[in-house]
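Here the structure is laid out as structure tokens; the discussion comes afterwards.
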Amino acid sequence: MGEGIYNAALMEHNAHPDYKYEMENPTHTHEGVNPSCGDDIILSLRVVDGIVEEAAFTGSGCAVSQASADIMADLITEEPVEEVKRLCELFLAMIRGEACEEELEDLGEAAELKSIALMPARVKCAELGWRTALTIIEEEL
């Protein structure tokens, strides 16, 4: 049966997030809110010469939203903006159950969250950080 959506990666990132802090001098910040459950994050990025040099977030919410945002921040740090956009879109496709297995390797640890696709009530929680990053990329970069 497996361990469900609350797997080891999710629990570890929720308990000990590496990227949950107030960033000094971000180039971009955007607030992401999940009105259905009250999850709220502020994502900060420092983008220099088309590369996400640093990603961090603050806010509050359920284990799924917080861990997913932390995993995302880890994945997109040191990546070119176009790759960040592709990874965010791939994650969102995975959560909708629309990504093929081979593509998921690119998501690294984030691929472990694919079982959330089976829990419709948690999908928006998992997507929050990724959608917020995509908003920054599409609207500000």
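For the criterion of being modelled with pLDDT under 95 and surrounded by 15 or more Cβ atoms within 10 Å (Cβ to Cβ), Leu141 passes. I need the full set of residues from the range 28-51 which are more than 14 Å from the chain's Cα centre (by Cα) and under 17 Å from Leu141 (Cβ atoms), in order please. Once the filter is applied, which keeps residues that are more than 14 Å from the chain's Cα centre (by Cα) and under 17 Å from Leu141 (Cβ atoms), the range 28-51 yields His28, Thr29, Arg46, Val47, Val48, Asp49, Gly50, Ile51. Scanning the range 113-122 for residues that are surrounded by fewer than 19 Cβ atoms within 10 Å (Cβ to Cβ) and either part of a helix (DSSP H, G or I) or among the charged types (D, E, K, R) (or both) returns Lys114, Ser115, Ala117, Leu118, Pro120, Ala121. Within the range 88-104, restricting attention to residues that are in contact (Cβ under 8 Å) with a residue 40 or more places away in the chain and surrounded by fewer than 19 Cβ atoms within 10 Å (Cβ to Cβ), the residue that is nearest to Ser68 (Cα to Cα) is Leu92.
The values are calculated or read from the model by the stated rules, or taken from the named source; none is laboratory data. Predicted model, so just to flag it, every value in this text is computed and none were measured. With ideal geometry, Cβ positions are generated from the backbone for all residues, glycine too; neighbour counts draw on all protein chains shown.
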